[in-house]
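One structure below.
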């Protein structure tokens, strides 16, 4: 039997209970079982399970449908310091909940559950999504599986909120991310006689020069500013300490504004590295904020918090691909995600819950 979750706990205590059910990517079964148990007990919800992903929907005939979504997996645990079980540290306004998942993103999952428990008659129909496999390769992403196998469970929504950590602020849209391998080719030779060959690693200096000289743009999209970035993230070459290398690969990452398509982003990278062999190995488009839409405006007005651009990539892009505008909003400082000392102010869990209650009650 899965561990029982008590939805009457406050958001911080429920977050701790969820975090204390380890769910490292590809090992989400126990937590998914626990979530399914409590969701099926809520009479207003119809629950569908796909793998370790759960979609729970109200069907109240409201004029508008919104999605609240969050992933249930985490990155691996650490041994020193052991970041589970969770613990509370400090007191009063400075109290934090410490441990794996407290930021990314079981606080958001707990807030979803609290909304499902507290709001039995929401002013909008709600689709709750709790999905697996976000922290690893996209083929394992539960939201992608829903998109592929049962898109009708999500695509009828007018707006979506992904409860990724945003420090309890609204972050609109997200940037796209492209990864490419830029390759130089040389001729192998003995390092004692380098004139017999051609050094591919030395040729990579021109790739690095172009990156150093590159001036990234800041583009305004739907009233928000997205700062682009193009960087080398990996470099490899050579086969032995006495051989002139005949190949060198510089892996670059381009983070681009959501006003650019995936094809636009690829064309730009190829232009920057004209003359080199460029292979695009990954390219995920961004998502426009959609803040001009009535559903998004109502959300922002109800919350009354600051709105900024999401400078990373999140699964709001998957909602965008299904025609559902989405924003990021959740407890926790994203700068602490995945860190050994992952922690979130206890007050933020309650603040995010209260904000969504203002919107949905």
Highest average packing first - 344-356, 106-118, 293-305, Cβ atoms within 10 Å: 106-118, 344-356, 293-305
Residue order, fewest to most beta carbons within 10 Å, for 214, 140, 131: 214, 140, 131
Extension length gain for residue 47 and residue 191 (0.36 nm per residue less Cα distance), in nm, is 45.4 nm
Per its Cα gyration tensor (rounded if a/c is under 1.5, else prolate when a/b beats b/c, else oblate), the stretch 247-358 is best filed as oblate
What does the highest-first list of 119-125, 315-321, 172-178 look like by mean Cβ count within 10 Å? 172-178, 315-321, 119-125
With 10 angstrom as the radius, rank 167, 10 by how many other C-beta atoms surround their C-beta, starting from the fewest. 10, 167
Testing the spin-label approximation: label points 7 Å from Cα along Cα→Cβ at residue 26 and residue 75. State their distance in nm. 1.7
Return an integer: the convex hull volume of the alpha-carbon atoms of the chain, in Å³ per residue. 155
Taking the Cβ of each residue in 145, 292 as the centre, tally the other Cβ atoms inside 10 Å and list the residues starting with the fewest. 292, 145
Let me test this: with uniform point scatterers at the alpha carbons of the stretch 1-62, what is the Debye-based log₁₀ I(q)/I(0) at q = 0.15, 0.23 1/Å? -0.50, -1.03
Tell me, how many Å apart are the Cα centres for the stretch 200-274 and for the stretch 288-358? 29
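We did not get these values from a lab; they are worked out from the coordinates using the rules stated. All values reported here derive from a predicted model rather than from experimental measurement. Counting neighbours? That spans all protein chains shown, and the Cβs are built from the backbone with ideal geometry, glycine included.
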